[in-house]
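*Asks:* The following block contains the structure, expressed as structure tokens.
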Amino acid sequence: MEDDTAKVNPQQKNAQKAKEAADKFFPGEDWKPVEDGIYRSPRRAIGKKSNYPSELRDAQILRDWGSTVYLVPEDNRQSGKSMV
């Protein structure tokens, strides 16, 4: 007798694990689909002064190799500053 996990392909398993990790480290985040297999936080900067274009290109490469990618919110705190 086969269980349901035997029917899940590696890419689906990766997508499930990526979603679980994204939800664990960023609870309550409302992930927005960018492209098939790529999601981003709405709190992530995507303007001209951000690294978004190059990070999206990297995410597309990883996605093409079978990964699911979550572009997480950036930490906008300056180094040496503490959150109060």
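Each value in this text was obtained by applying a stated rule to the coordinates, not by laboratory testing. None of these values were measured; they are calculated from a predicted model. Positions of Cβ are generated from backbone atoms using ideal geometry, with glycine treated the same way; all protein chains shown enter the neighbour counts.
*Asks:* Multiplying the sequence separation of Gln11 and Lys32 by 0.36 nm and subtracting their Cα-Cα distance, what value in nm do you get?
*Replies:* Extending this stretch completely gives an extra 5.6 nm.
*Asks:* Using 7 Å Cα-to-Cβ label points, what is the Glu55/Ala18 separation (nm, one decimal)?
*Replies:* Taking the simple label geometry, Glu55 and Ala18 are separated by 1.5 nm.
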